[in-house]
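Read the figures in this text as sums done on the coordinates, not as results from a lab. Predicted model, so just to flag it, every value in this text is computed and none were measured. When we count neighbours, we look across all protein chains shown, and the Cβ atoms used for this are built from the backbone with ideal geometry, even at glycine.
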Amino acid sequence: MKNVLITGGAGFIGSHVVRRFVVSYPQYKIFNLDKLTYAGNLQNLVDIENSENYTFLKGDICDADLVSEIFDLHRIDVVIHLAAESHVDRSIRNPNAFVETNVLGTVNLLNTARNAWKGSHNKLFYHISTDEVYGSLGAEGFFTESTPYDPKSPYSASKAASDHFVKAYGNTYKLPFIISNCSNNYGPNHFPEKLIPLAINNIRNGEPIPVYGKGENVRDWLYVEDHAIAIDVIVHKGEIGETYNIGGFNEWKNIDLIRLLCDIMDQELGNSVGTSQELITFVKDRAGHDLRYAIDAMKIKKELGWEPSVTFEEGLRKTVNWYLKNEEWLDNVTSGNYQKYYEQHYG
Ligand code: NAD
Ligand code: DAU
């Protein structure tokens, strides 16, 4: 029996983690704390929202009174912390929001857990982080768990700071923690400001697909449900005080990925292959754009037995089909209508 607090559970990755825990662990009580920013959407959880072991709590991780009330009332044993501002381009436009939620919000959760768990055993603060904390790679090499931190965008700087605070609380106050650093996720419920869902949405609307610079930047892509499985494995088998890198062993140059995605979209839409590629438009590069991320995920494979299960071709096709079947979801999130769902069901 465990009381599990998942933060950011209405977002992209969080919604897959919430669903996995609610469905797989009926003996646990799952609490989803989410502020419902533009990226949080309760439509992502419609299928499990009435489950007996699930409770949604609307609120801000920066609200100290609220967070300690949740710990007191629900006797939280495990925190899986996903709530964050997550988009690099937004962090370039407004870094303060990233400091607020990613740094101060994380420290607020750490303070509460530290106070609530004094003298207790079998607790876990699990912080979900990103490979971007390691900086940018050249053509060769991989990020391992011992790669020095070298964040280069306001987003990655805020995530690196939060990782350091988690480790510092482990060292100073003996807070039981685990951190994982994952590569780029893709799949259902991904907000269409990020490359893959943005491209799918633009192809659907016959609009240009913006590719930054020459499209030479490389990312390592992982299907989101594989990330949720890795998080489950780490909660149950991970070692306290350890860091695990999670990746897809699946590097793609942006331009090659977009060409493949265009072809899959053409096939699924019944267009002749090549039609969507005409929408590709090279635009001004992202400021300080990291060239390449690539994760060495051998530690989690060797020590915990996790590895990706979905191939990229299979995952991309599933993703495209999900978006084409859920055009109303896309229309709602792009028009802001999804907020109405909360008001009607919870307001
Ligand atoms: P997302 O932007 O889709 O979702 C973030 C969620 O957090 C939203 O539901 C939002 O409402 C909530 N939130 C934001 N600020 C909050 C606050 N102050 N209080 C409470 N809730 C708040 O993000 P995502 O892509 O699902 O990423 C989730 C986590 O995983 C983040 O910590 C991110 O850094 C990390 N991560 C993401 C990726 C990726 O490829 N998306 C890869 C590695 C790590
Ligand atoms: O590596 C993990 C990170 O992956 C996560 O920590 C972040 O939360 C997540 O947003 C993601 O960051 P990226 O910046 O890599 O993702 P994004 O989808 O924004 O961009 C992917 C690549 O595509 C990147 O090289 C920039 C490029 N790009 C992006 C957009 C939105 C374009 O060329 N055109 C675009 O319109």
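Here are some notes:
- Convex hull of the chain built on C-alpha atoms - directionally averaged projected area, nm²: 16.6 nm²
- Antiparallel bridges, percent of DSSP beta bridges restricted to the chain (to nearest 5): 10 percent
- Above-threshold pairs, the threshold being 20 Å between Cα atoms, out of Lys118/Lys237; Lys167/Lys194; Lys2/Lys118; Lys284/Lys318: Lys118/Lys237; Lys167/Lys194; Lys284/Lys318
- Compared with the alpha-carbon gap, the fully stretched path from Trp322 to Lys302 is longer by 3.9 nm at 0.36 nm per residue.
- Near Thr275: Cβ cut-off under 10 Å, other residues only, Lys/Arg at +1 and Asp/Glu at -1. The net charge is -3.
- Our note on the geometry: Cα centres of the stretch 175-233 and the stretch 51-130, 22 Å apart.
- GluC sites (Glu not before Pro) within the stretch 119-191, DSSP loop, no more than 15 other Cβ atoms inside 10 Å: Glu140
- FRET efficiency, Glu268 to Asp150 (Cβ-Cβ, R0 25 Å, nearest 0.05): 0.05
- Compared with the dominant Cα axis of the chain, that is its longest principal axis, helix 12-24 is turned about 60°.
- Projected label points at Val46 and Lys118, each 7 Å from Cα along the beta carbon direction, are separated by 4.7 nanometres.
- Remark on the stretch 135-204: Rg and Dmax equal 16.2, 52 Å (Cα only).
- For the stretch 135-277, the fraction of C-alpha pairs farther apart than 27 angstrom is 34 percent.
- Residues of the stretch 262-284 with amide N under 20 Å of the 7 Å Cα→Cβ point at Lys214: 280-284
- Sum of -39500 (n - 2.57) over DSSP H runs of 4+, divided by residues of the chain (222 nm, nearest 500): -12500 deg cm²/dmol
- For the stretch 158-236, alpha-carbon Rg over 2.2 N^0.38 Å: 1.50
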